[in-house]
1. Could you please give the count of residues in segment 168-196 that are surrounded by fewer than 21 Cβ atoms within 10 Å (Cβ to Cβ), aliphatic (A, V, I, L, M) and in contact with a strand residue (DSSP E or B) (Cβ under 9 Å, 6 or more places away or on another chain)?
2. Just to verify a result, which residue in segment 53-88, among those that are farther than 30 Å from SER112 by Cα and of a type in the set (S, T, N, Q), is surrounded by the most Cβ atoms within 10 Å (Cβ to Cβ)?
3. Go through segment 75-107 and give me each residue that's on the phi > 0 side of the Ramachandran plot and in contact with a strand residue (DSSP E or B) (Cβ under 7 Å, 6 or more places away or on another chain).
4. What single numbered condition from (1) over 19 Å from the mean Cα position of the chain (by Cα); (2) closer than 19 Å to VAL30 by Cβ fails to hold for TYR125?
5. Among the residues of segment 73-91 satisfying the criterion of being part of a strand (DSSP E or B) and among the small types (Gly, Ala, Ser), which is nearest to the chain's Cα centre (by Cα)?
6. Considering every residue within segment 92-106, establish whether at least one is surrounded by fewer than 18 Cβ atoms within 10 Å (Cβ to Cβ), over 19 Å from the mean Cα position of the chain (by Cα) and in a strand (DSSP E or B).
Amino acid sequence: MTAPHPQGPLLVATGNPDKLRELREALPGVELEPLPPEVELPPEDGETFAANALTKARAAWTASGRPAIADDSGIEAAALDGRPGVRSARYAGERASDEANTALLLTELAGSEDRRVAYVCALAYVDARGEWLFEGRCEGTAAEAPRGAGGFGYDPVFQLADGRTMAELTPEQKHAISHRGQAARQLGEWLAAQRQ
C-alpha cells in the first residue's frame, strides 16, 4: 500500500520515462507523479550532478507549488578524467541515443588499460521547507562490448565485480546496488522519518 507524503504525491522533475520507472521501483510505498507537460525544465548546464538535480527540483517546485524530486546521474570514466560525467546523456550529441553515447564511451576507452568507471547519482528534494540532497555511487569497469537487455543508458557496458553488466540484472538486483537505488533508499528513509 502506498503511503501518501504529508503534502501529497511527489512530482518527479524528469522527462525521462526510464528514470521515472526506476524511481518508482526503487521507492516502494512513495507515490510519484510525472512532470506535467506544461512544466518546462531548465537546461542541465550545472558543473555537478547535485547542481543539476537541485535546479530541476527547484523549477518543478516553483512551477507547481508541489513537493518535487529530481535526479541527475551519469557515468564517470577514470581514464577520461571523469568524462562523460554531467554530460552523460548528451555525450555523443544533444539528442544522442543511449547506443550512440555508449559506443562513443567504448571508442574513447579502446586500448586503455584503466577501464574503471563509476555511476554517480544526485537526488534532490525541494518543498516549502527547503532543499535536501541524497547521493549514491557505484563502482565498476567498462565492458568490452554491450551485454544484456535490461536497464537503460550505459547499463549494458557497466560491468560489476562478478562479471555481469547492470543490463544483465533484474530490476531488484540493480536497485539493491546501483547509484540511483542508493540515493532513492536514502530519500525513502528520510521521507519515512518525516511521517513519524
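The values are calculated or read from the model by the stated rules, or taken from the named source; none is laboratory data. Quick caveat: nothing in here was measured; it's all calculated off a predicted structure. We place every Cβ from the backbone using ideal geometry, glycine too, and count neighbours over all the protein chains shown.
1. 3
2. This residue is THR55.
3. GLY82, GLY85
4. (1)
5. The qualifying residue nearest to the chain's Cα centre (by Cα) is SER73.
6. No, every residue in segment 92-106 fails to be surrounded by fewer than 18 Cβ atoms within 10 Å (Cβ to Cβ), over 19 Å from the mean Cα position of the chain (by Cα) and in a strand (DSSP E or B).
A quick yes/no check of all residues on (1) more than 26 Å from LYS174 (Cβ to Cβ); (2) in contact (Cβ under 8 Å) with a residue 24 or more places away in the chain; (3) not in a helix (DSSP H, G or I):
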position: ARG24; (1), (2), (3): no, no, no
position: GLU33; (1), (2), (3): no, yes, yes
position: PRO43; (1), (2), (3): yes, no, yes
position: ASP71; (1), (2), (3): no, yes, yes
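This table checks each residue for (1) assigned to a strand (DSSP E or B); (2) surrounded by 15 or more Cβ atoms within 10 Å (Cβ to Cβ).
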{"site": "GLU113", "(1), (2)": "no, no"}
{"site": "VAL120", "(1), (2)": "yes, yes"}
{"site": "ALA124", "(1), (2)": "yes, yes"}
{"site": "TRP132", "(1), (2)": "yes, yes"}
{"site": "GLY136", "(1), (2)": "yes, yes"}
{"site": "THR141", "(1), (2)": "yes, yes"}
{"site": "ARG147", "(1), (2)": "no, yes"}
{"site": "GLY150", "(1), (2)": "no, yes"}
